[in-house]
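Structure, as structure tokens:
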Amino acid sequence: MLLIAAAGLAQQPGDTQRLIAVIGDLHMGSGRDAGGAWLAGEDFRWADEFERFLEALDAEGGGATDLILNGDTFELASADCVHDDPELGCTEPEALATLERVLAAHASAIDALAAFARAGSNRVVLVPGDHDAALLFPAVRARTEAALGNGRAAVAAGGAWVSADGQVYVEHGHQIGWRADRFATWPEPFVERGGRRHLERPWGARTAGALVREHEQRYPVADNFADAGAGLAHALSAAEATDLGAQAADLLRYVLFRMPWQQFRLDLDIGDVEPPAWDLASVRAQGPPFLVDSLPDDDRFKPLAQHALDGGGLEALMGALDDAELNALCDYRAALRRSRRRLERYLTQNDPQGPPVAECPRLPDSRGGQFDYFWRTRDLSYGSRLETVQASLPDRGRPIAVFVHGHTQLVDWRQRILLSTSQGRPVIVDGFSPVRDALAPVVVNGGAWQRTITPVQFVRLQAESGLSDDGLMRALRPEHLAPCYSFVQVDPYDLTPAAPRIRYWREAESGEWELAAVCDREPELPADRAG
């Protein structure tokens, strides 16, 4: 049973008249080396911007703000925790030692958070994510709360945060769908071995996570792509990797099932359009080539997948996929094909190069344009998670209206949601509803309170500079990326939350910092590579 609590910090009835701000994926790590230079794997280099943001947020909320740090605030999934069994992560003492290094490296940001929690009636809640699941160790949680030094700052011991009226629910998002960083027994992500309790190390952390850490030493922005997996694919391409060996199948699964649905324009898929029924027997008859064909030709990972296919390394993966997973791949292929044929260049999609991926074969009775609703898998994944969470919550008389998550670092695009004909015209919201033709519940991804780059932006910079993948990946640092930090805001309300808003803490062209509705800034080439 999923238990939702922010231990020591309960929201009170009537607390809807407060601003809710949700930020995530700060990834505070070990900071700088002995010489004062940033460690290549340090993603949080923005203490000054963060302190100014907290001051602006305090003013915005009038001293009555619930600030939810939605997972991966700290980088506690230490590579130093090495055990004979690769499924075992840090023990509690190991995690506590890592936390001490992080707190020391980011003392000014921690002090700013503590000051924010002391101001007015503000509150701060840290929701654990996959990279800081160690916050669920009692000693790590206690040390974190002590560092924030205030009774209005706490760790969400139940793994998520929910408003007092039950209508706003916040979790990191690694437990949704087929995510590679799922924990088997969340929010108790522990494994007992030899009388010691370890964090579980999910398969995604053992494969993709390990490779990202390795390549981040050479390519510091490998972990700053706004689409989980895209940075790894670019890093592998830059390193001219050709053979992933025994890891190839797991990495291909990771790449295929990351599915950034936010990249697509959905506002035309309304009314009576239905999802197609895919001919899964024909799909299975294609065998492992189906998996490689599910990647666009310009996907940096495709040559590696093809090499694994040529070596016979994908047979087991194809055989292990169930019908729901095959349907998911077919839904995603259809959405990607449509988007590329329309030359839609949205958040994460590379410019269309070469032919779009082929659609899966359909069963005869679902052919034609009336069966072009391709978001079934997205709706099922998020709808199922909502049902699970809703069933775990106390009955407060009102269902979840706003579900905020993160994890993928990809901020949601604005979408049009169609109300029923009796309610009027379509409404534009940030996020989407997994219930067709409905305004609620709204699911929204706030992206990362981080500087990030999309594959489209990377390709543009590459064209401007003439650099190879390796040359540009080596040249870029997080400081070169757009000075925008995204978050979700839910305004104070009486009975029902208004639609959540994506907002940005942004550096304007004037050099001033401001809260804004759009980012409107682009990454820039390093000075020695520009022009």
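Remark: relative contact order (the chain) = 17 percent; criterion is Cα-Cα distance under 8 angstrom and separation of 6 or more residues.
Checking (i) 87, 60, 40; (ii) 62, 62, 58; (iii) 94, 50, 49 against Cα extents along the principal axes in Å calculated from these atoms, the matching label is (ii). Between Thr242 and Asp470, the simple label model (points 7 Å from Cα in the Cβ direction) yields a spacing of 1.3 nm. Net charge of the neighbourhood of Pro434, taken over other residues with C-beta under 11 Å away and scored Lys/Arg +1, Asp/Glu -1, is +2. Across the range 230-373, the mean sequence separation of Cα contacts (distance under 8 Å, 6 or more residues apart), normalised by length, yields a relative contact order of 41 percent. Among the GluC sites (Glu not before Pro) in the range 36-109, those located in a DSSP loop and surrounded by at most 16 other Cβ atoms within 10 Å of their own Cβ are Glu87. Rounded to the nearest 500, what is the chain's calculated 222 nm mean residue ellipticity when only DSSP H runs of at least 4 contribute -39500 (n - 2.57) each, over all residues? Only helices count here, giving -9000 deg cm²/dmol. Take the Cβ atoms of Ala277 and Glu214, set R0 to 35 Å, and the FRET efficiency comes out at 0.25. Volume per residue for the range 230-373 equals 111 cubic angstrom (convex hull of Cα atoms).
Charged neighbours of Ser30, selected by a Cβ distance under 13 Å, balance to -3 (K, R count +1; D, E count -1). When every Cα-Cα distance of the range 110-248 is counted in 10 angstrom steps from zero, the calculated P(r) takes the values 10, 30, 31, 22, 6, 1 percent. Near Ala285: Cβ cut-off under 15 Å, other residues only, Lys/Arg at +1 and Asp/Glu at -1. The net charge is -2. Taking the DSSP bridge list for the chain and keeping only pairs wholly inside it, about 55 percent are antiparallel. Summed over all non-identical Cα pairs, the Kirkwood treatment of the range 34-126 gives a radius of 15.2 Å.
Every number here is computed from the coordinates shown, using simple stated rules; none is lab data. Because the structure is a prediction, the values reported are computed rather than measured. Positions of Cβ are backbone-derived with ideal geometry, glycine not excepted, and every protein chain shown enters the neighbour counts.
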